[in-house]
1. Could you list, in sequence order, all residues of the range 89-114 that are part of a strand (DSSP E or B) and either over 27 Å from residue 387 (Cβ atoms) or in contact with a helix residue (DSSP H, G or I) (Cβ under 9 Å, 6 or more places away or on another chain) (or both)?
2. So residue 166 passes all but one of these: (1) more than 30 Å from residue 140 (Cβ to Cβ); (2) without any contact (Cβ under 8 Å) to a residue 60 or more places away in the chain; (3) buried (at least 23 other Cβ atoms within 10 Å of the Cβ); (4) assigned by TED's automatic domain parsing to the domain that holds residue 103. Which condition number does it fail?
3. Limited to the range 138-164, what total is found for residues that are part of a strand (DSSP E or B) and at positive phi?
4. Within the group 244, 189, 266, 214, which residue is within 17 Å of the chain's Cα centre (by Cα) and in contact (Cβ under 8 Å) with a residue 60 or more places away in the chain?
5. Looking at residue 207 and the list (1) without any contact (Cβ under 8 Å) to a residue 60 or more places away in the chain; (2) assigned to a loop (DSSP other than H, G, I, E, B); (3) more than 30 Å from residue 103 (Cβ to Cβ), which single condition is not satisfied?
6. Name the residues in the range 52-85 that are closer than 15 Å to residue 132 by Cα and either surrounded by fewer than 19 Cβ atoms within 10 Å (Cβ to Cβ) or out of contact with any strand residue (DSSP E or B) (no Cβ under 8 Å at 6 or more places or on another chain) (or both), would you?
7. Specify which of the listed residues (195, 175) is under 23 Å from the mean Cα position of the chain (by Cα), part of a loop (DSSP other than H, G, I, E, B) and more than 19 Å from residue 257 (Cα to Cα).
8. Could you tell me whether any residue of the range 315-328 is over 21 Å from residue 275 (Cβ atoms) and surrounded by fewer than 20 Cβ atoms within 10 Å (Cβ to Cβ)?
């Protein structure tokens, strides 16, 4: 009897070892670069800050911010604030091989320029697009504004807004203005608290609610922090939930939010005063609170996350240090290995740090499109893309 027990145990141990060895030797699904492409390029315009969605019929829609190329007007450089910057989009019906030549207008702000159209497609097919705006005042007016965010060139921050489309981005409703973050002391040009804003992806949770991480400088904080807003009516109205990340020395701003298969909400945040390191914060209670933010140790400017077919997550981000370009990591399903996952270089041929802001979407069973803005040798800024293949 004793001998049989020993043999049985040995047999089970052997099987377990074989199974473990087989699992360990099996190559994990990953992604590899196939090619780069140009989505939109026009030497009369500075094109930047894209987002992309794939429609149910396979059509790809890329939105971006377009402003005049003011170097053609004799100006020395480029600026991310421009009274003529507008939100536009282009389309592809052949998986990114060709794109519409003439962009469609999404929105032109009546008081100034708009930034960073961040599209998210909901399960019912609606598209929600977040953005924010700037206006410009004369120097003698700028000095009289109290508690306004005024840049040296006289641009005054207007805060954030949302747009919605129910027909694939052909018609847009809005703007919808979210409430200010509680404690936000920044006023717009009209002397009113600036509506909440941020650049990055909001997410639609399993519960049907929309979760949006926004940025604000609030009472008692010298640096910008991040906060969570929640909508139960697909973005028509918003309520404040909780802080996501604040710190006396570190700035947190541009954030993409991702829901893991288990239901955690994971915020991937751009920082300042932290060596440009990516910071991550997690909520395990549907956004009622977030755990202490973590410095995950690599540089990213900023981020976007999508779920792969095997439930793992693809994280893409700009890299604004030499060699300038676009990078990615494949994370485990619950995104607990951000700092340990292998870094994949998608582009390292950028001209300087004025590039990046990638946004990804799965375009077929085995392919992914990563859209971003790019420049080479400090030349024209344009909307580019990289096709990745999911390999095994």
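The values are calculated or read from the model by the stated rules, or taken from the named source; none is laboratory data. Bear in mind that the values here come from a model prediction, so they are computed numbers and not experimental data. Note: ideal-geometry Cβ built from the backbone for every residue, glycine included; neighbour counts use all protein chains shown.
1. Step one: list which residues in the range 89-114 are part of a strand (DSSP E or B), which gives 89-92, 104-107, 113-114.
Listed by number, the residues that qualify are 105, 107, 113, 114.
2. It fails just one condition, (3).
3. Here is the first cut: in the range 138-164, the ones part of a strand (DSSP E or B) are 148, 150, 155-164.
Going one step further and asking which of them are at positive phi, we end up with 159.
Residues in the range 138-164 being part of a strand (DSSP E or B) and at positive phi: 1 in total.
4. Values: 244 fails: in contact (Cβ under 8 Å) with a residue 60 or more places away in the chain; 189 fails: within 17 Å of the chain's Cα centre (by Cα); 214 fails: in contact (Cβ under 8 Å) with a residue 60 or more places away in the chain.
Result of the check over 244, 189, 266, 214: 266.
5. (1)
6. Result: 80, 83, 84.
7. Just a single option satisfies the conditions, and that option is 195.
8. As a first pass, look at the range 315-328 and keep what is over 21 Å from residue 275 (Cβ atoms): none.
So far as the range 315-328 goes, no, none of its residues is over 21 Å from residue 275 (Cβ atoms) and surrounded by fewer than 20 Cβ atoms within 10 Å (Cβ to Cβ).
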